[in-house]
Amino acid sequence: MELYIHIPFCARKCAYCDFLSFPQTKETMQNYVEKLIKEIRRAGKEYGERPVSTIFIGGGTPSILEADQMTAIMQSVKESFSIEETAEISMEANPGTVTEEKLLAYKKSGINRISFGLQSADNRELQLLGRIHTYEEFLESYQLARACGFDNINVDLMSALPGQTVESWEDTLTRVAGLDPEHISAYSLIIEEGTPFFDKYGEERGNGLLPDEDAEREMYHRTKAILREMGYERYEISNYAKAGKECRHNIGYWTGIPYLGLGLGASSYIDGYRFCNNSDLKAYLANEPGERFDEVLLTEQDLQEEYFFVGLRLVKGVSLNRFEELFGVPAETVYPGLLEKMIRDGGAELHGKEDVFFHLTDFGMDVSNYFMSQFLQD
Amino acid sequence: MAEYSQEKIRNFCIIAHIDHGKSTLADRIIEHTGLLTSREMQSQVLDNMDLERERGITIKSQAVRTVYRAKDGEEYIFNLIDTPGHVDFNYEVSRSLAACDGAILVVDAAQGIEAQTLANVYLALDHDLEVFPVINKIDLPSAEPDRVAAEIEDVIGIEAHDAPRISAKNGLNIEDVLEAVVEKIPAPQGDPEAPLQALIFDSLYDPYRGVIVFFRVKEGTIRKGTPVKMMATGATYDVVEVGTFGAGQFFPCEELSAGMVGYLTASIKNVKDTRVGDTITNRVNPCAAPLPGYKKVTSMVYCGLYPADGAKYPELRDALEKLQLNDASLFFEPETSIALGFGFRCGFLGLLHLEIIQERLEREYNLDLVTTAPSVVYRIHKLNGEMIELTNPTNMPDPTEIDYMEEPIVTAEIMVTTEFVGAIMTLCQERRGVYLGMEYMEATRAVLRYELPLNEIIYDFFDALKSRSRGYASFDYELKGYERSELVKLDILINREEVDALSFIVFSGNAYERGRRMCEKLKDEIPRHLFEIPIQAAVGGKIIARETVKAVRKDVLAKCYGGDITRKKKLLEKQKEGKKRMRQVGNVEIPQKAFMSVLKLDEE
């Protein structure tokens, strides 16, 4: 089992962000931490026996909390759940919100992986995104984390940003990879409805304010080439890592490992059920923990569909042998002719001899929605 | 049922421009004559099809019989015959009018006279109806009843100073209208002892009783058991039941005699045998001649209707057969398209009729349809002397076999405020219109008369007219005949394959422009595929325009977390759902609505 813990706070909402996160007063944050701990203890009573292989503390900006707040959260987790010795315990942090004191506290509490939200090494691009930090501040936080003993660090980057050029993106990639983090996430910016970016750049490619399609595609393809040169392999649509440093938590999502979400609006998938927490902060703070929203029991069909459209996010693809083991029928029976057609279209390939894997090609990844949607059954 | 003498009967209809309040006034008349309680009233009693209610128009004419106790203390029978309000149904309108002795002309107090008002008044006067005006919507802030009354007198030449000024919506002064019906509309005439002569003005198929025929007795008497004959179709029956209409109800009675309006049933299987305009007579004692004015309606517009899911072909056929039971003007025959598979070539009275049938098939029969571009009927004169009536562009013979072609032409009247005359004249010229003349109705309004090819107006002329006159222009037309014209078949190639369902006939001078716009339109309609798709327009094998749908290069949800799986699935479902509404032609998926693209070439 994996744990996801959501911290829905940030210093300032970024202009492109559609995550469940917002600036709040210290008092609200403290109330939240207390409620979250209550939820953790309650969930521990129900699921505490199950071994926990990974924990991911995401946001928002979890590092906005005080050191002792994070320590208290981790304390309750450790007391409530059976965490494996070798568990991967990640936490998201934003440059400009971490201090030596905080980092040492994280380390001490058991957190062993830090994920920095940098997005760009170009200060002008950072400013246009509405980020609160500069590249220099990131460098400082990054070095501090290394100094505090974190030997597993991720850096989040984004391409296709307003004002970005192929050159500036290459510069961001080489500078960051030059720092030698273990993991790099490289997303292509999506303009989400309901964000200030949507109002500004809208659906029509932002009237030339955003990189055009050719430039955007070039950035995307350069990412893989540059990072490979610098020792990172792509293992998921948007994720790159040094050998053995792939994010286990993330891989768990795509391989059907159960996860329990804790905190505001967090999603869970456990015992075949998918559900999420209350996503209204007031209600979350006021109500007893343990409410479930949008709960569904996944059917065999759901599971078969997800096996493909979720699993194909991984470069490795999905095992056809395992499909047959899980569902008792070969994939070919459920999806007659489909795999073959995708291979013919250049979107997918097979690899492996005894355990045969079906995976998307680079082109298939580029247009993965097109291929993935075909795994939905009628 | 009490017996009524002819003097106490009033057979009339309401004529109006669309939206001037005809149906609302009909409801008020029915309410005030008291046969229905308010509770029984639906919002609009006469329009009993959902579709009609939504569009605010009346499709099939119907009738209702009510009893009015007038101020003179006498009871009068009112037979209110409803008429369709759209030019597509002009013939049905004319038959409904022929069943009446008078008409109430409803004019909107704010908008005044419109093209349809005039067209309908002239039609009513042609049928020797007594027409009296009513000025409606006087509750509107912009109402100008005095101006409108003067306009009616000036333009139409009928008395309007004492016209009832009403608000049908608010039920204001409805009594004045009812009294005017009694005073101004003449009682019917005719001899109950004469040989039977009755005019069919509508019919409707009922699954239990067969066809219910709506008619007006002009001469003689009809009763249960009368051996009748339809004079045009020759069909004969023995009457099972006669009666009169309540609102949505039937009241059987003993007999209907000269001057009365009612229905009959006679175990009739198909409305084809009871054509609107036909004359019912007694086959044992027939009348000397049928009533004048019957004509067999012909389809003006044709299009291909295909089931989106090829397996639904039998269901589409059943649905069309059922609709045809009730609509003798709907024509269909099977056809095959390379692009669309098995379907039907269907003929309609006009574009509105087409849209109504299409919507009824989709809604009432739950069919998902692909509709090809509508076409008029062209006449092709071949070198060998043969003449073909072409309803499907795909069947156009090789150009080397063609001597010349003809297309249908209409005479159109467009009423418009003077500030838009220039814009409308430009529009008519763009549509190959021939200017016939212009008359000023008053200082600010004019009637433009044009001859226009029917194929230039069936698609989007009405929309263009509205947009170029900010909604002020109104329009009416009638078929004039066929004229020789330079026409070519325009073919569309998608990914180098000709898509037969997208071919259409076009005036040769417009071929390049139409082809170019068609390609542009299809470029927007066809989603990007994994490969590049050329879209070409060709005339006689020569490419005249080209666009390209670029290959899709990115379609990915870059950022995705565990909690996003539900969201991700929704996104993929939407994508898959979109694909379902596509037609596979070669290896290209074409959205169903693309087949109607030709209709929307003039969007600005």
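Observations on the structure shown:
- Gap separating the Cα centres of segment A:118-151 and segment B:473-533, nearest whole Å: 57 Å
- Annotation for segment B:190-298: chymotrypsin sites (Phe, Trp or Tyr not before Pro) lying in DSSP loop with at most 15 further Cβ atoms inside 10 Å of their Cβ are B:Y208.
- Zero-based 10 Å bins, Cα pair distances in the protein assembly as shown, whole percents: 2, 9, 15, 16, 14, 12, 12, 10, 6, 3, 1, 0
- With both residues required to sit in the protein assembly as shown, DSSP beta bridges show an antiparallel share near 75%.
- Across chain B, the mean sequence separation of Cα contacts (distance under 8 Å, 6 or more residues apart), normalised by length, yields a relative contact order of 10 percent.
- Using θ = phi - 60° and Karplus 6.51 cos²θ - 1.76 cosθ + 1.60, couplings along segment A:98-103 (whole Hz; Gly, Pro as x): 9, 10, 4, 4, 4, 4
- Look at the stretch B:573-581: the mean tally of other chain Cβ atoms within 10 Å of its residues' Cβ atoms is 3.
- The mean number of partner chain beta-carbon atoms within 10 angstrom of a residue's beta-carbon across peptide B:529-536 is 2.
- Over segment B:172-281: Rg over Rh, Cα atoms, Kirkwood Rh: 1.03
- Going by accessible surface with a 1.4 Å probe and the largest first, B:V376, B:V284 read B:V284, B:V376.
- Dipole of segment B:243-287, positive end: most advanced residue of B:G262, B:T279, B:G246 [Cβ charges, Cα centre]: B:T279
- Estimated at the nearest 10 Å², the accessible area of B:V549 is 0 Å² with a 1.4 Å probe.
- Order of exposure, largest accessible area first, which applies to B:Y561, B:Y435, B:Y459 with probe 1.4 Å: B:Y435, B:Y561, B:Y459
- Beta bridges assigned by DSSP with both partners in chain A are antiparallel in approximately 40 percent of cases.
- For chain A, A:C10, A:C148, A:C247, A:C276 stand unpaired, since no other cysteine beta carbon lies under 4.7 Å from theirs.
- Lys, Arg +1 and Asp, Glu -1 on Cβ, resulting dipole of segment A:313-378 about Cα centre, debye, nearest 20: 100 debye
- Selection of trypsin sites (Lys or Arg not before Pro), segment B:98-176, meeting DSSP coil and at most 14 other Cβ within 10 Å: none
- Given chain A, longest segment not containing exposed loop trypsin sites (Lys or Arg not before Pro) (DSSP; at most 15 other Cβ within 10 Å): A:13-291
- B:H161, A:H6, ranked by accessible area, largest first (probe 1.4 Å): B:H161, A:H6
- Applying both filters, DSSP loop and at most 14 other Cβ atoms within 10 Å, to the trypsin sites (Lys or Arg not before Pro) of segment B:538-585 gives B:K550, B:R581.
- Centroid-to-centroid separation of segment A:175-229 and segment B:286-336 [C-alpha atoms, Å]: 57 Å
- Across segment A:133-218, Cα pairs under 8 Å and at least six residues apart give a relative contact order of 36 percent.
- Kirkwood Rh in Å, taken over segment A:313-378 so that all alpha-carbon pairs contribute: 12.1 Å
- For chain B, fraction of C-alpha pairs farther apart than 49 Å, in %: 19 percent
- Greater than 32 Å apart at Cα, pairs in B:K296/B:K382; A:K35/A:K242; B:K22/B:K272: A:K35/A:K242
- Segment B:84-135 versus segment B:349-372: alpha-carbon centroid distance in Å: 28 Å
- Whole-number percent relative contact order across chain A, with pairs defined as alpha carbons under 8 Å at least 6 apart: 14 percent
- From largest to smallest, the equivalent ellipsoid semi-axes obtained for segment A:1-149 from the alpha-carbon gyration tensor read 27, 17, 13 Å.
- In range of the label at A:T99: residues from segment A:121-150 whose backbone nitrogen is under 16 Å from the point 7 Å along Cα→Cβ: A:141, A:144-145
- Value of [θ]222 nm, deg cm²/dmol, for chain B, DSSP H segments ≥ 4, -39500 (n - 2.57) each, nearest 500: -7000 deg cm²/dmol
- Eligible aspartates and glutamates near B:K554 by straight Cα distance, threshold 13 Å, same-chain separation 8 or greater: A:D212, A:E213, A:D214, A:E216, A:E218, A:D362, A:D366
- Around B:Y76: net Lys/Arg minus Asp/Glu count, Cβ-Cβ under 12 Å: -1
- At the residue level, A:H351 shows approximately 70 square angstrom of accessible surface with a 1.4 angstrom probe and all protein chains present.
- Chain A has equivalent-ellipsoid semi-axes of 31, 28, 20 Å, by the square roots of 5 times the alpha carbon gyration tensor eigenvalues, sorted largest first.
- Candidate aspartates and glutamates - alpha carbon under 13 Å from A:K45, same-chain residues fewer than 8 apart omitted: A:E79
The values are calculated or read from the model by the stated rules, or taken from the named source; none is laboratory data. Because the structure is predicted, anything quoted here is derived from the model rather than measured. Cβ atoms come from the backbone with ideal geometry, glycine included; neighbour counts cover every protein chain shown. Surface areas here come from the heavy atoms of the whole protein model, side chains and all, with no ligands, DNA or RNA. Shrake-Rupley method; radii C 1.70, N 1.55, O 1.52, S 1.80 Å.
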